[in-house]
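Just below is one structure, and these are the notes that go with it.
The values are calculated or read from the model by the stated rules, or taken from the named source; none is laboratory data. All values reported here derive from a predicted model rather than from experimental measurement. Neighbour counts are summed over all protein chains in view; Cβ atoms, including those assigned to glycine, are modelled from backbone coordinates with ideal geometry.
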Amino acid sequence: MLELQPFGSMRQGRAMFLFDGPDRAEMTVLLAHGAGAPMDSPSMTASAQALAEAGFRIARFEFDYMAARRTGGRAPPPRAETLNPQYLAAIDALGADGKLIIGGKSMGGRVASLVADALFAEGRIQGLLCLGYPFHPPDKPQQLRTGHLADLKAPALIVQGTRDPFGTREEVSTYALSPAIEMLWLEDGDHDLKPRKRISGFSAADHLRTMAEAAFAWAERLD
C-alpha cells in the first residue's frame with residue numbers, strides 16, 4: 001500500500017513522506033532523492049517498490065529545494081553537505097520503530113553517508129544504503145567525493161551499475177574505501193541501475209530485484 005503523509009519539519013513545511021511496504025516491517029529504509037529528480041520519479045518509485053517487495057518499510061522524502069519545485073520554485077540543488085540538517089530532521093520526524101537504515105539515490109545517498117557515522121555511533125541507525133553513489137561528477141573523475149568513505153564506520157551497502165558515469169567498477173576498484181562498505185555491482189547498469197538488455201541479458205526489473213534481495217539479506221545481518 002502506498003501512503004503520502006506530511007511531516008512538516010523542514011524549513012518550508014512542504015515536505016512529505018511517501019511510504020511503501022508493510023506497516024509492521026522490522027526494518028525501515030529512509031530514502032532521499034537525487035539532485036535532479038523528485039522522490040516520486042520513476043527511478044525512485046521502482047527502487048522503493050522493489051525494496052518494499054523484499055520486505056522493507058520504505059519512507060521517501062524530499063529536500064526543501066525539490067519540494068519547492070512543486071509550487072513553481074526553480075532553486076538549483078545546493079551543496080550536499082548543506083542538506084545534512086534536513087536529512088536529520090527527516091529522521092527525527094519519521095520516528096521509525098525497529099531497525100532504521102538511511103540512504104538514497106545518488107546525491108540523497110551521499111547526504112545520508114555524510115551523517116551516517118554520528119547516527120550509527122548514537123545507535124540511531126543500523127546502516128547505510130546508497131543506490132548509484134556519485135563518486136565523482138560525470139566526465140570529472142578527478143573530483144572525487146570519497147574522502148569520508150575511507151574511514152566510514154557505519155555498515156554500508158552501495159549498489160552501483162558497472163557503467164555508471166558517476167563511478168564505474170574499474171574506477172571504484174582504485175579507491176580507498178572503508179571495509180565497512182560492501183559493493184554490489186549490477187552488470188551494465190547505468191546511474192539508475194538500468195542495463196541494456198540486448199547487451200547484458202538482464203532487464204531493469206532483474207537488477208532491481210537483485211538489488212532489493214541483496215539489500216534485505218545484508219540488512220538482516222546488521223545488529
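Miscellaneous remarks
- Within region 100-127, the residues that satisfy the criterion of being more than 17 Å from Pro78 (Cβ to Cβ) and in contact (Cβ under 8 Å) with a residue 60 or more places away in the chain are Leu100, Ile101, Ile102, Gly103, Gln126, Gly127.
- Pairs linking a residue in region 198-223 that is farther than 17 Å from Gly132 by Cα to a residue that is assigned to a loop (DSSP other than H, G, I, E, B) and among the polar types (S, T, N, Q), with Cβ atoms under 6 Å and 6 or more positions apart or on different chains, are Leu222/Gln126.
- Where Arg110 falls short, out of the listed (1) over 19 Å from Glu182 (Cβ atoms); (2) among the basic types (Lys, Arg); (3) in contact with a helix residue (DSSP H, G or I) (Cβ under 6 Å, 6 or more places away or on another chain): (1)
- Residue match in region 208-217 (condition: farther than 24 Å from Lys99 by Cβ and touching an Asp or Glu at 6+ places or on another chain (Cβ under 7 Å)): no
- Cβ pairs under 8 Å, 6+ apart, first in region 168-186 and farther than 14 Å from Arg145 by Cα, second among the charged types (D, E, K, R) and part of a helix (DSSP H, G or I): Trp185/Arg169
- Count - residues of region 66-88 that are at pLDDT below 95 and either among the charged types (D, E, K, R) or surrounded by 13 or more Cβ atoms within 10 Å (Cβ to Cβ) (or both): 8
- For region 142-179, the set of residues classified as small (Gly, Ala, Ser), in a loop (DSSP other than H, G, I, E, B) and over 14 Å from Gly132 (Cβ atoms) consists of Ala150, Ala154, Ser173, Ala176, Ser178, listed by residue number.
- Yes/no for Asp117 being over 25 Å from Asp190 (Cβ atoms), within 17 Å of the chain's Cα centre (by Cα), acidic (Asp, Glu) and surrounded by fewer than 22 Cβ atoms within 10 Å (Cβ to Cβ): yes
- Selection status of Glu182, of a type in the set (D, E, K, R) and more than 12 Å from Cys130 (Cβ to Cβ): no
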